[in-house]
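The structure under discussion appears below in the form of structure tokens.
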Amino acid sequence: MNPIVDKVTKRIVERSRETRQAYLDKIEKAREKGPHRGVLSCGNLAHGFAACGSEDKTSLKQFTKANIGIITSYNDMLSAHQPYETYPAFIKEAISEVGSVAQVAGGVPAMCDGVTQGQAGMDLSLISRDVIAMSSSIGLSHNMFDGALMLGICDKIVPGLVMSALSFGHLPMVFVPAGPMPSGISNKEKAHVRQLYAEGKAGRDELLAAESASYHSAGTCTFYGTANSNQLVVEVMGLHLPGSSFVNPGTPLRDALTKAAAVQATRITDLGTNYTPIGHIVDEKSVVNGVVALLATGGSTNHTMHLVAMARAAGIIINWDDFAELSSATPLMTRIYPNGHADINHFVAAGGMALLIRELLDAGLLHNDVKTICGEGLDKYTKEPFLENAELVWRDGPTSSADLEVVASAAKPFKSNGGLSVLEGNLGRCVMKTSAMPDPDAVIEAPAVVLESQHDLEAVFKSGDLNKDCVVVVRFQGPKAIGMPELHKLTPPLGVLQDKGYSVALVTDGRMSGASGKIPAAIHMTPEAIDGGLLAKVQNGDLIRVDPANGGIQLLVDDAELAARKPAEPTRVEGERSGMGREFFGALRSNMTGAELGASCVFTQD
């Protein structure tokens, strides 16, 4: 093993010793109760299979055949989740063919950040992860199931499903993707039109035409944001079938993989001899594998919160120092938009998951001695799925990249590190994704321009007041303030300023997520402004120094003056806590932890 990866893993094991053991004890007690239908009363059981056919009822009465619960995040507004409409019937048929039963245990909400960007609904996005975890847990709480299939893809859905699955860690859980849409117009062209629109050189009709040509069919968006980061991380953690993350929907191979995932769930229940619960798969080594793969591909900064929360659901404690140290040892091996012009389909064509995992294993950057839904060893994931005479088979994956502009080798990477910096200073702690920045080591020292909303930037930008070197501070955007929305409306105008030659950066307690691009963005600032953070004392014109190479972020104001300043009172927060359903989430929002603790309302503050 790479010595840094080994050291960080051992540190996480030691840090998590008590909490991990408590978790393992909990799921072992749940297992000891046996097949849960056996503890149900006759009335309970009758309710549980009342709508089943006679054959399924007979199977469920016997307690010898598996009953697999299906948790689905289907809706047909999300292009990524629209294919799930037909999955339950398909899954039930596949499981029936091997003599077991499947039931839809429940559905979870699935919102799209792409639809809610810049809208009031975006304030519910991050908190929806924990709502999904709770909703999924309700679906699995009926004690009817020997295992489950989790149907989810996008931003907060998969992390929420993982958190819920781990709360039922004594059960096997198989995650079932649906795949990305085919490629549309190039990401370079799409980004160009967006920037023209920000400059007033393209109209709304032209912008909509470009967006529609990019997001054009069923399937996951093809850029490398949080949705595709989710799929990559979950596969590397051994919760998908090998090579199943990025097969396009509506294809024979996609259907074969869905059927195989359903059948695999029946093979690893406690009714047989290959019991593999998710609580044993997700351990300290698999979590480190997920972080390393994320860093090696320049994945979503959202996972600096999601992976923290997912790990905590398994009794494992990780923090941003672990991310930063692993980033220093992990080479950047892919160029996928926004870190390059290729999309996720080009990544697959260049070698995909099998090549990525092979390279990282050979470089000693991934732990091979882990459990997966397919048995022991991550090396099983260096194989690719194919159809031979209509039968699903796995063959050895490629040993070299078919396009070195998209997938590099670990020996000759695009960059020597994973492109994630943790910045710390008197303003607090935050993260910065540097993998897409033209000069990731550039120090930016400039006067602050202080805003309370991304919506305020447009007027300042159009007035010309931003035509200067500046650090734009957008505060009162954190989890407790308004739910920590993504702030992507900031990106096009700041990109214009950068192209004009100005030195610009963003500092915020909000998010930028998987689409973080060329703008130096110090995000997820903790403590947040509304919770005692120094961001609340920043004033227009204050000098701020952002130094990603040395991990520093500093408000260059005398300590005595800062001590004398009163924190600014938020003027917009109350108005952004109601409407569009936001008023229902006040109790959850007020209990959310800081970003480094997972920005969660279901885990207690340390």
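Candidates are the residues of segment 509-530 that are of a type in the set (Ser, Thr, Tyr) and either modelled with pLDDT of 95 or more or assigned to a loop (DSSP other than H, G, I, E, B) (or both); the one that is farthest from ASP343 (Cα to Cα) is THR526.
Taken over segment 374-390, the criterion of being out of contact with any strand residue (DSSP E or B) (no Cβ under 8 Å at 6 or more places or on another chain) and at pLDDT below 95 is satisfied by GLU388, ASN389, ALA390. Checked against (1) at pLDDT 95 or above; (2) buried (at least 18 other Cβ atoms within 10 Å of the Cβ); (3) within 23 Å of the chain's Cα centre (by Cα), VAL104 passes all but condition (3). Residues in segment 323-340 that are assigned to a helix (DSSP H, G or I) and among the aliphatic types (A, V, I, L, M): ALA324, LEU326, ALA329.
Looking at ALA89, is it among the hydrophobic types (A, V, I, L, M, F, W, C), without any contact (Cβ under 8 Å) to a residue 12 or more places away in the chain and assigned by TED's automatic domain parsing to the domain that holds ASP130? Here the answer is yes, as ALA89 does meet what is asked. For segment 442-508, no helices (runs of 4 or more DSSP H) sit wholly inside it while including 2 or more residues that are in contact (Cβ under 8 Å) with a residue 24 or more places away in the chain, buried (at least 22 other Cβ atoms within 10 Å of the Cβ) and among the hydroxyl-bearing types (Ser, Thr, Tyr).
Annotation note: Cβ proximity below 9 Å between a residue of segment 262-280 that is aromatic (Phe, Trp, Tyr) and a residue that is surrounded by fewer than 21 Cβ atoms within 10 Å (Cβ to Cβ) (sequence gap 6+ or interchain) occurs for TYR275/ARG31.
Taken over segment 391-404, the criterion of being in contact with a strand residue (DSSP E or B) (Cβ under 7 Å, 6 or more places away or on another chain) and either within 30 Å of MET484 (Cβ to Cβ) or not small (Gly, Ala, Ser) (or both) is satisfied by LEU392, VAL393, TRP394, ARG395, ASP396. Scanning segment 116-134 turns up no residue that is over 16 Å from MET305 (Cβ atoms), in contact with a Leu (Cβ under 9 Å, 6 or more places away or on another chain) and modelled with pLDDT of 95 or more. When the test is whether a residue is aliphatic (A, V, I, L, M), more than 22 Å from GLN82 (Cβ to Cβ) and without any contact (Cβ under 8 Å) to a residue 24 or more places away in the chain, LEU196 passes it.
When residues of segment 341-383 are filtered for being assigned to a strand (DSSP E or B), in contact with a helix residue (DSSP H, G or I) (Cβ under 9 Å, 6 or more places away or on another chain) and surrounded by fewer than 21 Cβ atoms within 10 Å (Cβ to Cβ), how many remain?
Here is the first cut: in segment 341-383, the ones assigned to a strand (DSSP E or B) are 342, 371-372, 375-376, 383.
This time we only want the ones that are in contact with a helix residue (DSSP H, G or I) (Cβ under 9 Å, 6 or more places away or on another chain), so: 342, 371-372, 383.
When the remaining residues are screened for being surrounded by fewer than 21 Cβ atoms within 10 Å (Cβ to Cβ), the result is 371, 383.
So the count comes out to 2.
Can you name the residue in segment 384-436 that is in contact with a Leu (Cβ under 9 Å, 6 or more places away or on another chain) and free of Cβ contacts under 8 Å to residues at least 40 places away in the same chain and, of all such residues, is surrounded by the most Cβ atoms within 10 Å (Cβ to Cβ)? Looking at residues that are in contact with a Leu (Cβ under 9 Å, 6 or more places away or on another chain) and free of Cβ contacts under 8 Å to residues at least 40 places away in the same chain, I get VAL393. Selection over segment 217-236 of residues that are part of a loop (DSSP other than H, G, I, E, B) and either of a type in the set (Gly, Ala, Ser) or not assigned by TED's automatic domain parsing to the domain that holds ASN368 (or both) gives a count of 4.
Checking LEU166, LEU239, LEU149 one by one, the residue that is part of a strand (DSSP E or B), within 21 Å of the chain's Cα centre (by Cα) and either modelled with pLDDT of 85 or more or closer than 30 Å to VAL460 by Cα (or both) is LEU149 and no other.
The values are calculated or read from the model by the stated rules, or taken from the named source; none is laboratory data. In this text, all values refer to a predicted model and were calculated from it rather than measured experimentally. Here Cβ is always computed from backbone atoms with ideal geometry, including for glycine, and neighbour counts include all displayed protein chains.
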